[in-house]
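The values are calculated or read from the model by the stated rules, or taken from the named source; none is laboratory data. Here the structure is a predicted model, which means the values were calculated and not measured. When we count neighbours, we look across all protein chains shown, and the Cβ atoms used for this are built from the backbone with ideal geometry, even at glycine. Accessible surface areas use protein heavy atoms only, side chains included; no ligands, DNA or RNA. Shrake-Rupley method; radii C 1.70, N 1.55, O 1.52, S 1.80 Å.
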Amino acid sequence: QVHLVESGGGLVQPGGSLRLSCVASLSSYPLYTMRWYRQAPGKQREFVASINSGGLTNVTDSVKDRFFISRDNGRNTHYLQLSRLKPEDTAVYYCATERGYTMYWGQGTQVTVSS
């Protein structure tokens, strides 16, 4: 069974920063590609970033200059550093990973950008 737990969300002013964390209960964690998605109110869930077993990252173009994904295999944890946040970044942020043909999701952490 795969269990993912996000943390680090909150209320932040425009221009601020947050670091989201996702701890995975997942054997052989270093072998897995870990992902972040987000879902804004009234919108579909969208891909944000991924990091593979070799540390290669992929960040969606709309946030590429502001968000950074990383991982710590010793802690079974991956991170999403959010900077220069905008109100349109307000969303529930989910971590995810795929094992076999199944996508596993965390419960999500709310990020609200507002003055």
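Taking 7 Å along the Cα-to-C-beta vector as the label spot, tell me the GLU98-ASN58 distance in nanometres, rounded to one decimal.
0.8
Using the Karplus equation 6.51 cos²θ - 1.76 cosθ + 1.60 (θ = phi - 60°), what ³J(HN,Hα) coupling, rounded to whole Hz, does each residue of the stretch 45-58 give in order, writing x for Gly and Pro?
Here the 3J(HN,Hα) series is 5, 10, 5, 10, 7, 9, 9, 8, 5, x, x, 6, 10, 9 Hz.
Compute the distance in nm between two label points, each set 7 Å from the Cα along the Cα-to-Cβ direction, one at ASN73 and one at GLU88.
Reported label-point gap for ASN73 and GLU88 is 3.7 nm.
Could you state the accessible area per residue of the chain in Å², with a 1.4 Å probe and every protein chain left in place?
Working: 6140 Å² over 115 residues.
For the chain, the per-residue accessible area is 53 Å².
In whole Hz and in residue order, list the ³J(HN,Hα) couplings for the stretch 84-96 that follow from phi through the Karplus curve 6.51 cos²θ - 1.76 cosθ + 1.60, θ = phi - 60°; x for Gly and Pro.
Result, ordered by residue: 6, 5, 10, x, 6, 7, 4, 5, 8, 9, 10, 9, 7 Hz.
How large is ³J(HN,Hα), in whole Hz, for each residue of the stretch 107-115 in order, when computed from phi with the Karplus curve 6.51 cos²θ - 1.76 cosθ + 1.60 and θ = phi - 60°, using x for Gly and Pro?
7, x, 9, 7, 10, 10, 10, 7, 8
Mean-square fluctuation check for the chain, GNM, Cα pairs under 10 Å: which of THR90, THR60, THR77 is largest?
THR60
I'd like the antiparallel share, as a percent to the nearest 5, of DSSP beta bridges with both residues in the chain. Show your work: numbers first, answer last.
Details: 38 of 41 bridges.
Antiparallel: roughly 95 percent of the beta bridges in the chain.
Suppose every Lys and Arg Cβ carries +1 and every Asp and Glu Cβ carries -1, with no other charges. What dipole size does the chain come out with about its Cα centre, to the nearest 20 debye? Write down the numbers at each step before the final one.
Numbers: 12 positive and 8 negative charges, 11 e Å.
Roughly 60 debye for the chain.
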